[in-house]
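Enquirer: Mind having a look at this structure? Questions to follow.
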Amino acid sequence: MDAFIVGLTVFVLALFAGFEIITKVPPTLHTPLMSGANAISGITIVGALLAAGSERDPVSNWLGLAALLFATINVVGGFLVTHRMLRMFRRHSRQDQ
Amino acid sequence: MNPALINLGYLAASALFIAGLKGLAHPRSALKGNVMGATGMLIAVVMTLLDRRIVNIQTIVVTLALGAAIGATLAVKIRMTAMPQLVAVLNGLGGGASVFVAGVGLLEIQHTEGSPLHHFTAAAVLSGIVGAVTFWGSWVAFAKLQALITEDSIRVSGQQLVMFTLAAVAGGLGLWMVFIPSPYASYWLVVAASSLLGLLLVLPVGGADMPVVIALLNSCSGLAASATGFVLDNHVLIIAGSLVGASGFILTQIMCRAMNRSLIDVMAGITPAGPSSGKAEDIYKGRVKSGSPEEVALLFDAARRVVIVPGFGMAVAQAQHAVAQLAAVLRARGIEVEFAIHPVAGRMPGHMNVLLAEANVPYELLKDLDESNASFDRTDVTLVIGANDVVNPIARTAAASPIAGMPILDVDKSAAVVVVKRSLSPGFAGIPNPLFADDKTIMLFGDARDMVQAIVKALKEA
């Protein structure tokens, strides 16, 4: 139960941090925020790696590999497309200065 | 490798995620923020691979490479107008990954411990439910956005009863699993019921409500990751998931507020129908003035301040480059140009901003609802491109209208209004727009891109 309470503490604190940070994101960046946050939610990739690499049984491995494929597309696609969008935004701030 | 070191790596990753999201507070620091986030992810992945529990590394590397190739191709090839579709797919994949990982986690827990602890099972069930809803809901959203199925609200009789039943089955079975040792297959039954629920949840949502759904699914993909973190007792998953959950939730709230609708109404596909807004013919008959691009060019020529209001129609017509060119031509003549962007313009939060950024419009010119509304009364010409409900003055006046109380852009307060639109057909709310019949409004009927290009041509020739 202790591990659960520690986890819950971390969860709630991160939630507050998230609220504080995200409310400061201007509407103009809401699309990159979504794709970027989405890439971060691909953190499940860590769990997928552990599952795909576990020695326990083949079912775990196959499920883990499926999760790994999904999560990798999520992570790589998310960060790259966010990068592509944000580069367009920064290009203009340079031009105007 | 030492578990403490691995956990320190995860801590560094979490810190980078938070700092990275903080960078998104300004377009200048945003790019660096995104790189920080990606670095955090890389650290988390490398730390996990260094974990001595990882075996069969070849298959893992191949899968990683395959996923990276697919993800990179999607990210590079996608058109900016199709960004909502891509985000929907990525949300779904995140949710799907959580379902599988929680499934494995549950299996391992059941193997190692005779009677698994309640909270691990509960977290796994939660991850399965939220993840499955996100996965299938996102595919429906994708199909709607890609016009594979109709964008209209799809409702069948008894749908709500079926949905309640499915939710009860998933929740009840989940609770049973938590308290009574049950076969592993029950987890997949929960997932199956939640999958159907996800499909039925998004089907009733209409096209213009998509920004809300995409934001909500975004939030869910984060919460699913967080729940998976509880299953694995892994803090980096809990933190990252919780950040994304908060982010999606805030965006959902902003979108709902911008439409003056509750989340429940949006999800149920309910548009409060009201007969009081009047018949289209009564409002439009004999009052609508149709103009030509040349007339509009003359109007612009005499203006000192112009505001452009883009809507989903601009995205459909791929008109962002033409619009940006128009803005550049006007600015070159010393005319002040601004873009007024409604929070729900387009199909996802910030959709219009990304399209205009792609077309090289400086972000300083992009103004939000409040900033724009403060300046319409000193605006000479407002150009509305493919927007309808978000500029409908009925929202301010008719209390019984479906969009009553929705915050709108007060374009009718500017000296003259030009509306580029294909026809007088109503917007998503299904009501006529008195703005089109206003004395100071000129309608330009036609494709947004063709019309804007024609205005630019006329301006250059004049």
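The values are calculated or read from the model by the stated rules, or taken from the named source; none is laboratory data. Remember, it's a predicted structure, so these values are computed and weren't measured experimentally. A quick note on method: Cβ atoms are made from the backbone with ideal geometry, for glycine too, and the neighbour counts reach across all protein chains shown.
Enquirer: In the range B:175-215, how many residues are within 11 Å of chain A (Cβ to nearest Cβ) and under 24 Å from B:Ser247 (Cα atoms)?
Expert: The number of residues fulfilling the criteria is 3.
Enquirer: For the range B:234-247, check the following and say yes or no: at least one residue is at the interface with another protein chain (Cβ under 8 Å from one of its Cβ atoms), without any contact (Cβ under 8 Å) to a residue 60 or more places away in the chain and among the hydroxyl-bearing types (Ser, Thr, Tyr).
Expert: yes
Enquirer: Does B:Pro293 count as buried (at least 24 other Cβ atoms within 10 Å of the Cβ) and either more than 14 Å from chain A (Cβ to nearest Cβ) or closer than 26 Å to B:Ala437 by Cα (or both)?
Expert: no
Enquirer: Could I ask something else about it? Output the residues belonging to the range B:404-440 that are assigned to a loop (DSSP other than H, G, I, E, B), within 21 Å of B:Asp377 (Cα to Cα) and not β-branched (Val, Ile, Thr).
Expert: Within the range B:404-440, B:Gly405, B:Met406, B:Pro407, B:Leu409, B:Asp410, B:Ser414, B:Ala415, B:Asn433, B:Asp438, B:Asp439, B:Lys440 meet the criteria.
Enquirer: Same structure, new question: Is it true that B:Ser157 is polar (S, T, N, Q), touching a residue at least 12 places away in the same chain (Cβ under 8 Å) and out of contact with any strand residue (DSSP E or B) (no Cβ under 9 Å at 6 or more places or on another chain)?
Expert: No: the conditions fail for B:Ser157.
Enquirer: Checking the structure you have, find out if any residue of the range B:132-145 is assigned to a helix (DSSP H, G or I), in contact with an Asp or Glu (Cβ under 9 Å, 6 or more places away or on another chain) and closer than 30 Å to B:Ile238 by Cα.
Expert: no
Enquirer: Looking at (1) under 23 Å from A:Ala51 (Cβ atoms); (2) in a helix (DSSP H, G or I); (3) within 7 Å of chain A (Cβ to nearest Cβ), find the lone condition where B:Val99 falls short.
Expert: It fails just one condition, (3).
Enquirer: Taking only the range B:190-213 into account, find how many residues are assigned to a helix (DSSP H, G or I), hydrophobic (A, V, I, L, M, F, W, C) and either in the same structural domain as B:Asn388 (by TED's automatic domain parsing) or touching a helix residue (DSSP H, G or I) at 6+ places or on another chain (Cβ under 6 Å) (or both).
Expert: 11
Enquirer: Which of (1) outside any loop (DSSP other than H, G, I, E, B); (2) surrounded by fewer than 18 Cβ atoms within 10 Å (Cβ to Cβ); (3) touching a Gly at 6+ places or on another chain (Cβ under 9 Å) does B:Trp176 not meet, given it meets every other one?
Expert: (3)
Enquirer: Right, here's the next one. Which one of these does B:Trp139 not meet: (1) modelled with pLDDT under 95; (2) closer than 24 Å to B:Pro211 by Cα?
Expert: All conditions pass for B:Trp139, except number (1).
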